[in-house]
Amino acid sequence: MSTTPIMTTVTEYEEKVLELLAKVQDEVLTYVKQAVQVIDERLPEVELPELPVLDQVPTLEEIVTTQFAFSKKVLANQEKFAKNVVKAVKPLTRDAAPKTKSKAATKAA
């Protein structure tokens, strides 16, 4: 499928945005790690009490994993829906096949 010049430009800018996001995220992660190290060195060790209810609380990793899995499913669902809408409206777009006059319309003309 060929891409129009405008979509090529849009795609190029999207790639630049993703590169910028990755760079910013790397820097933020570096600072978070440094902050955790400083805090961890200064806080005394605390013995947490055993609370049975804590076994019921999901870990941060579980939360992130399940929520991104759900987000991927939602995005896939929305992509399928959007593509079906595009197919449904295609007869009204410039991509539609040219209409040919029916024999009745040709005779009437």
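What follows is calculated from the coordinates using simple rules that are stated; it is not laboratory data. For clarity, every value in this text was computed on a predicted model and none was experimentally measured. No Cβ is skipped: glycine too gets one built from the backbone with ideal geometry, and neighbour counts run over all protein chains shown.
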Find the residue count for region 91-102, including only residues that are surrounded by 10 or more Cβ atoms within 10 Å (Cβ to Cβ) and not in a loop (DSSP other than H, G, I, E, B). 1
Filter region 32-90 for residues that are among the hydroxyl-bearing types (Ser, Thr, Tyr) and surrounded by 10 or more Cβ atoms within 10 Å (Cβ to Cβ) and give the result. THR65, THR66, SER71
Within region 42-52, identify whether any single residue is under 30 Å from ARG94 (Cα atoms), assigned to a helix (DSSP H, G or I) and free of Cβ contacts under 8 Å to residues at least 12 places away in the same chain, and answer yes or no. no
